[in-house]
1. Which residues make up the longest stretch of the chain that has no trypsin sites (Lys or Arg not before Pro) in a DSSP loop with at most 15 other Cβ atoms within 10 Å?
2. Mind sorting Trp131, Trp59, Trp244 by how few other Cβ atoms lie within 10 Å of their own Cβ, fewest first?
3. Per the Kirkwood formula on distinct C-alpha pairs, the Rh of segment 21-205 is how many angstrom?
4. Which one of Met250, Met346, Phe273 is farthest out on the positive end of the charge dipole of segment 209-394, using unit charges on Cβ (Lys, Arg +1; Asp, Glu -1) and the Cα centre as origin?
5. Just to check, using Stokes-Einstein with a Kirkwood Rh over alpha carbon pairs, what's the diffusion coefficient of the chain at 10 °C and 1.306 mPa s in µm²/s?
6. Lysine pairs, Cα distance under 23 Å, 8 or more residues apart or cross-chain: how many in the chain?
7. According to a simple spin-label model (label point 7 Å from Cα along Cα-to-Cβ), what is the distance in nm between Val279 and Ser93?
8. Against the longest principal axis of the chain, how steep is helix 276-302, in degrees 0 to 90 to the nearest 10, with axes from Cα atoms?
Amino acid sequence: MNYFLVHLLVLAAILPWVQCDAPPASTLYLSETNTTFSINLPDNSSDVYIYFSSPAFSWVAVGAGDKMANSLSFIMYPSANNKNVTISPRIASGHSEPTFAPEIQIESLPGTTINNDTLVLNAVCHNCRTWRGGSLDVSSTTQPWIYAFGPDLELQSNSQHAPLRRHHAYGHFTMNMVQASGAGGVPEPSTVMNGAQLVGAEKEDNGNQATVAHAILIAFAILVMTPINVVLVGLFKTFNLHIWFSVLVMMFIIAGFGLGISISGEYNRSKHFSSPHQVLGFITIIAFLAIGVLGGFQSRQLRVPSTNAPRQATKLDTAHTWLARGAWLLAVINGGLGLQFASSPMHTRIIYALVTLALTLPMVIVYLLVWRRQRVTKEKFDEDRDVVLEAYYLSQPKPIH
Ligand code: HEM
Ligand code: HEM
């Protein structure tokens, strides 16, 4: 009898372990990026358990739905101290940055960590089976999902609103919801595709190139073309060339500006056009247009037949010159603001600062040369005029007293 009791006790001790067997799950495994996403749907509640692990790109996301618009995305990125994972549930309204959905109650569970640069999330969501814009079909064996990887940039934040840069790759897959249903619990880590299937090939996305093109077009116009333009007009006095070159500079600036407007709609931080970078950008562009208009009036003044005297700077000339200098400075400052706004890496910001400095010094030298030449020309003209006047007075008959 005692023997039987001992057996019973041993069985009772083992039973909970047997019941604690891995919870049922469906798993997406992407071998190229070593990314695992598993879900479990407990049949005694409306929770959803999630296991999600991936190497740390700036961000990694999985979304319930067949396309970005209206899908519920679970976006994860490293926390501010790079030791934990921030999970941000977001809903997108279209092909633009998804917005944080505060009504989604998702909780990180023990085991969530960053391990050897791999983000590991164990989580439970209490109301993820329906959301504004969609729902999970728990009876489906082919529930549509999407995934995406952020660009290889640094992002560390505790905020669920953290600004994201557009993905560098994305894809579609389906999951078997029936297989994932049963006893509840966080799915076990796995490196095997199970109950999930990729739909189509993963797609590379070069969307961030528009931002880079925006920056390069304007920076090239400001940092490279404008100094050449100053030399053309200041040192070589080639006014016609200056006019055509200025038109070219404006074309670069306007093209970059157009790209700036179009990318603004993609991000939560820029879609209201109210960031300092965008506001200063608008002011700078208006200043550049005003310079062009002033230049147009000046070119009419230049057509007036001139004497040999050095042309005295008109009020229009002074306004044009100082507006151009001011706009140039604003544009340089705004480039720095843009890099900060786009969370560009520190080395890019340092390179920008160094290039700006390296180009500003020769500009100062050119300005000094122009100023010296203007003074010398004026002194020479004054001297010549004195000589001519003196000769004139000498040639005049002396008055008889
Ligand atoms: C800053 C954040 C994001 C931006 C600016 C963005 C922007 C875009 C754009 C412009 C497209 C169209 C690209 C093309 O035509 O090839 C697109 C497509 C796509 N994106 Fe995003 N996206 C962002 C975040 C996400 C996230 C978090 C996910 C996944 C969870 C995702 C998944 C997809 C997928 C699957 C597509 C393919 C088309 C579709 O299904 O709608 N995106 N995205
Ligand atoms: C003088 C004018 C401007 C300059 C020099 C400039 C320069 C820059 C630079 C250097 C970046 C960083 C790009 C990167 O790191 O990849 C940037 C980003 C950006 N610019 Fe401008 N920009 C100017 C005007 C504007 C204007 C007028 C707008 C729109 C109204 C605009 C919209 C944006 C947006 C939305 C981003 C950030 C995109 C992101 O977060 O990924 N910019 N700009």
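1. The longest uninterrupted stretch comes out as 133-236.
2. Values: Trp131 20, Trp59 25, Trp244 11.
Starting with the residue having the fewest Cβ neighbours, the order is Trp244, Trp131, Trp59.
3. 16.0
4. The Cα lying farthest towards the positive end belongs to Phe273.
5. Values: Rh = 26.4 Å.
For the chosen part, D equals 60 µm²/s.
6. Working: Lys67/Lys203; Lys67/Lys271; Lys237/Lys315; Lys237/Lys378; Lys237/Lys380; Lys315/Lys378.
Lysine pairs, 8 or more places apart or on different chains, close enough: 6.
7. 2.2
8. 20
No value in this document is a laboratory result; all are computed from the given coordinates. Values in this document were obtained by computation on a predicted structure and should not be read as measured data. When we count neighbours, we look across all protein chains shown, and the Cβ atoms used for this are built from the backbone with ideal geometry, even at glycine.
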